[in-house]
Amino acid sequence: MGGGKILGMLIFVVVIVSAAGGGGGEGGYGDNQQKKWWKWMSSSSVASSSVVNPVVSSSIVLPLYGNVYPVGYYYVQLNIGQPSRPYFLDPDTGSDLTWLQCDAPCVRCTRAPHPFYKPNNDLVPCKDPLCAALHHADYKCESPEQCDYQVDYADGGSSLGVLLNDLFTFNMTSGARIKPHLALGCGYDQLPGQSYHPLDGVLGLGKGKASIVSQLHNKGLVRNVVGHCLSGKGGGFLFFGDEVYDSSRIVWTPMAHDHMKHYSTGSGELIFGGKGTGLKNLFVVFDSGSSFSYLNAHTYQGFISLLKKELNGKPLRETKDDYTLPLCWKGRRPFKTINDVKKYFKHFALSFTNGWKSKAQFEIPPESYLIISSKGSVCLGVLNGTEAGLQNVNLIGDISMQDKMVIYDNERQTIGWSPANCDRPPKSSNMIM
């Protein structure tokens, strides 16, 4: 991160997967220049023969590492391949495709913590439904034996490659160890975006057929539920399935049906200090691929105005010599922890109705929207999304989901959350961790 400046940490949201001959994208996220598509030279396919017994009453729990600041991202270790090797992936609820930087050979790859993934020959053919799920309806199969993909992220990053199947190793909460064949991207051409993370790839946790949780569900291994618990102290856990929480203790709200690509609660209202702000009809998306939260320009300006009004007369002053985030304040002496300053800041919340009688509020206390920089300033972890290229999207990122269990239940089409101790994964007498 050059010059100590954090640029949004954004993997995000609207994933555009272009047809092989196409450049471009949709939704105003920029046109990519047409690229030469590398053709995979393969002979035969490796047999996908990992027989497992369906255990839908069980779940998978994976430890998370990293933090919002100063690391700038959370990551999970997955063991993939034959023989199984470890890879560090960015868990991203804003996209579907899981991919690894891949020695195919690699045209352009970025620095990674492990040697690049060595691909096998078990290619996903172009006619496979998983391939179709990653492309526009008018996609033409130029090479029937393989599924080419290109995924573009809103921060300018991209991955181009081919889809294949390989063994993933998971430990279930039931005590069983499973090794299902799942589809993943062999990314042989990566461009880093502004929020570049030095990882082996991305773990796609979105709603589409190609996401890991959808694939596990389709094999009868877990219920189609994904969730995470990010600790404010760093680390936490990620889970697939619904066995690790008590549903009656969770605040639930329906997923928006008119925004099927994203985990969205639809229209929300900004609440500040327990009071309505008049900032309503906010399109809100939950995105674990973004370290910080974002409000559209109009809402952001309103929020900043309320914040500054509240700080009037408090022993804080804006500082221009701390570039950690766009807005930082200094005290009389450097701050050490959020506890030094949280008394000066109010809670805010996003309130959702979505057709249910009662309103669901997603509470965001000061420790879930502020960081203490290395210079001892307190900085605002809510950024202007319009400036970041998110147009009118309001995005709840990792910082605001800390110390909460957040659950995306694709079977019931609901999103839920509850305060939680995320410091250690849930215990189970049979769990292999």
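Give segment 362-381 a look and list any residue that's among the polar types (S, T, N, Q) and closer than 21 Å to V285 by Cβ, or say none.
Within segment 362-381, just S368 meets the criteria.
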Report summary line: Expected single match for within 18 Å of the chain's Cα centre (by Cα), at pLDDT below 95 and of a type in the set (S, T, N, Q) among S143, S159, S95, S174 is S95
Report summary line: In the set I371, I364, I415, the lone residue that is touching a His at 6+ places or on another chain (Cβ under 7 Å) and modelled with pLDDT of 95 or more is I364
Query - Single residue of segment 345-361 satisfying the filter (in contact with a Pro (Cβ under 8 Å, 6 or more places away or on another chain) and either modelled with pLDDT of 95 or more or crowded, with 17+ Cβ neighbours inside 10 Å (or both)) that is farthest from N281 (Cα to Cα) - result: F345
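Yes or no, residue by residue, for (1) in a loop (DSSP other than H, G, I, E, B); (2) aromatic (F, W, Y); (3) within 30 Å of S58 (Cα to Cα); (4) in contact with a Cys (Cβ under 9 Å, 6 or more places away or on another chain):
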site: G156; (1), (2), (3), (4): yes, no, no, no
site: L164; (1), (2), (3), (4): no, no, yes, yes
site: T169; (1), (2), (3), (4): no, no, yes, no
site: A183; (1), (2), (3), (4): no, no, yes, yes
Query raised in the report: of a type outside the set (S, T, N, Q), in a strand (DSSP E or B) and in contact with a strand residue (DSSP E or B) (Cβ under 8 Å, 6 or more places away or on another chain) - does that describe any residue in segment 206-221?
Result: no
Report task. Pick out the one residue from Y75, Y69, Y65 that is surrounded by fewer than 24 Cβ atoms within 10 Å (Cβ to Cβ), in a loop (DSSP other than H, G, I, E, B) and of a type outside the set (V, I, T). Result -> Y69
Query raised in the report: So which residues in segment 157-198 are small (G, A, S) and within 18 Å of T93 (Cα to Cα)?
Result: G157, S158, S159, A183, G185, G193, S195
Query - Within segment 258-275, considering residues that are among the hydroxyl-bearing types (S, T, Y) and surrounded by 19 or more Cβ atoms within 10 Å (Cβ to Cβ), the one farthest from the chain's Cα centre (by Cα) - result: T265
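The values are calculated or read from the model by the stated rules, or taken from the named source; none is laboratory data. Just so you know, these numbers come straight off a predicted model, no measurement behind them. Note that we place each Cβ from the backbone using ideal geometry, even for glycine, and neighbour counts take in every protein chain shown.
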